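Everything on this sheet refers to the single structure shown next.
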Amino acid sequence: MRAYEPWLDAMTEEQFAQFGLTFGVSGFMLYMLFIIWRLARESKAGKFGTFILFLVLSFGMLGFVAKQVLVWVLAP
């Protein structure tokens, strides 16, 4: 039988999932923004083209951010 290790009980599965969702997906979103920036730079899109690339390709990320903000604001 193993001895009690309090650090194992430090985080529940729900807390770990929330942490992974928040920081993991946020990191992935930052990486996607970097990819969009590289795509705009390598294609020599110009200012307007870069704006359109960021607007269109980043639009899906806006839903994730909006959901997180709504959950935070409406939390009891």
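The values are calculated or read from the model by the stated rules, or taken from the named source; none is laboratory data. All values derive from a computational prediction rather than experimental measurement. A quick note on method: Cβ atoms are made from the backbone with ideal geometry, for glycine too, and the neighbour counts reach across all protein chains shown.
Table for the structure above
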{"quantity": "Where residue 61 falls short, out of the listed (1) under 21 Å from residue 23 (Cβ atoms); (2) surrounded by fewer than 10 Cβ atoms within 10 Å (Cβ to Cβ)", "calculated": "(2)"}
{"quantity": "Hits in region 32-52 (condition: surrounded by fewer than 12 Cβ atoms within 10 Å (Cβ to Cβ) and either over 20 Å from the mean Cα position of the chain (by Cα) or more than 21 Å from residue 62 (Cβ to Cβ) (or both))", "calculated": "41, 42, 43, 44, 46, 47, 48"}
{"quantity": "Test set (1) part of a helix (DSSP H, G or I); (2) modelled with pLDDT under 90 - residue 35 fails condition number", "calculated": "(2)"}
{"quantity": "Pair list, Cβ < 8 Å and 6+ apart or interchain, from region 30-45 residues that are in contact (Cβ under 8 Å) with a residue 24 or more places away in the chain to residues that are of a type in the set (Gly, Ala, Ser)", "calculated": "32/58; 33/58"}
{"quantity": "Test result for residue 22, under 24 Å from residue 69 (Cα atoms), of a type in the set (Val, Ile, Thr) and part of a helix (DSSP H, G or I)", "calculated": "yes"}
{"quantity": "Answer residue from region 41-74, given it is assigned to a helix (DSSP H, G or I) and basic (Lys, Arg) and is nearest to residue 26 (Cα to Cα) among those", "calculated": "67"}
